[in-house]
Amino acid sequence: GAGVSQSPSNKVTEKGKDVELRCDPISGHTALYWYRQSLGQGLEFLIYFQGNSAPDKSGLPSDRFSAERTGGSVSTLTIQRTQQEDSAVYLCASSLGLVQTQYFGPGTRLLVL
Amino acid sequence: AQRVTQPEKLLSVFKGAPVELKCNYSYSGSPELFWYVQYSRQRLQLLLRHISRESIKGFTADLNKGETSFHLKKPFAQEEDSAMYYCALSPRNAGNMLTFGGGTRLMVKP
């Protein structure tokens, strides 16, 4: 079956621009997670959704970052006024429930010039 | 706050040799521990989780609560085991978000 998909696979943007990253979870998976993988910080948790609700936003690095999920399916991570330190691979994962195995997408590689 | 430490960034062994990838954690509660693997040009995938007590691709990992460790072991490494390995912890609370270690790159030489 289809796994978690993310788009775009690569994104190059200029400092100060806004970007939107998209995640399509596995069908039927109620939990969705965003992580960031960067050279300096390794793999770090950003935010998770249970259904359309995001109970814990403490992992978001600044108020320039926001995320939403609609219809219990697709999620969008938005970064406003991008900075060079936002350059990283953004990973999405989904799971059947909160205690189930997380399945990862291929990631979106973001480069902020 | 929880923390996961993988002391080795790179581990190089010869094919057929035993391999042990170290993982130590700190967490005040009772966590769940995982090993994830990322092969070249592939996505991150679960290798094993401690509650399953399985052996996957010949790898095993035992949770040692006294030493707060969850080392990954394989008695005879294969070239196809070459990959990036990440140890991860979940607090088993409502969110189940993963805290990852820095990763260890395993290179198995022929």
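The values are calculated or read from the model by the stated rules, or taken from the named source; none is laboratory data. Source: prediction; values computed, not measured. Because the Cβ atoms are built from the backbone with ideal geometry, glycine has one as well, and the counts that use them run over all protein chains shown. Areas reflect the complete protein model, heavy atoms only, side chains present, ligands, DNA and RNA absent. Shrake-Rupley method; radii C 1.70, N 1.55, O 1.52, S 1.80 Å.
Given the structure, is B:L47 among the hydrophobic types (A, V, I, L, M, F, W, C) and either in contact with a Cys (Cβ under 8 Å, 6 or more places away or on another chain) or over 17 Å from B:L106 (Cα atoms) (or both)? When the stated conditions are applied, B:L47 does not pass them. Residues in region A:60-111 that are without any contact (Cβ under 8 Å) to a residue 24 or more places away in the chain and open to solvent by less than 50 Å² (accessible area, probe 1.4 Å) were compared, and the one that is nearest to the other protein chains (Cβ to nearest Cβ) is A:T101. Each residue in region B:91-106 was checked for being open to solvent by 60 Å² or more (accessible area, probe 1.4 Å) and not in a strand (DSSP E or B), and 3 of them qualify.
Out of all the residues in region B:63-74, which are in contact with a strand residue (DSSP E or B) (Cβ under 8 Å, 6 or more places away or on another chain) and either loosely packed, with under 13 Cβ neighbours inside 10 Å or in contact (Cβ under 8 Å) with a residue 60 or more places away in the chain (or both)?
Of all residues in region B:63-74, those in contact with a strand residue (DSSP E or B) (Cβ under 8 Å, 6 or more places away or on another chain) come to B:63, B:67-74.
The one that is in contact with a strand residue (DSSP E or B) (Cβ under 8 Å, 6 or more places away or on another chain) and either loosely packed, with under 13 Cβ neighbours inside 10 Å or in contact (Cβ under 8 Å) with a residue 60 or more places away in the chain (or both): B:E67.
Within region A:49-59, the set of residues being surrounded by 14 or more Cβ atoms within 10 Å (Cβ to Cβ), farther than 23 Å from B:L46 by Cα and facing chain B (nearest Cβ under 8 Å) comprises just one member, A:D56.
For the condition in a loop (DSSP other than H, G, I, E, B) and more than 21 Å from B:A88 (Cα to Cα), what is the one hit in A:S58, A:S62, A:S66? Break it down stepwise before answering.
Values: A:S58 fails: more than 21 Å from B:A88 (Cα to Cα); A:S66 fails: in a loop (DSSP other than H, G, I, E, B).
Result: A:S62 is the single residue among A:S58, A:S62, A:S66 that is in a loop (DSSP other than H, G, I, E, B) and more than 21 Å from B:A88 (Cα to Cα).
Please indicate, with yes or no, whether at least one residue in region A:13-29 is closer than 30 Å to B:K9 by Cα and either without any contact (Cβ under 8 Å) to a residue 60 or more places away in the chain or open to solvent by 30 Å² or more (accessible area, probe 1.4 Å) (or both). No, that holds for no residue.
Against the numbered list (1) in contact with a Cys (Cβ under 8 Å, 6 or more places away or on another chain); (2) on the phi > 0 side of the Ramachandran plot, A:G51 comes up short only at (1). If you check B:A1, B:A83, B:A88, B:A77 for being among the small types (G, A, S), more than 27 Å from A:Q6 (Cβ to Cβ) and open to solvent by less than 60 Å² (accessible area, probe 1.4 Å), only one passes: B:A77.
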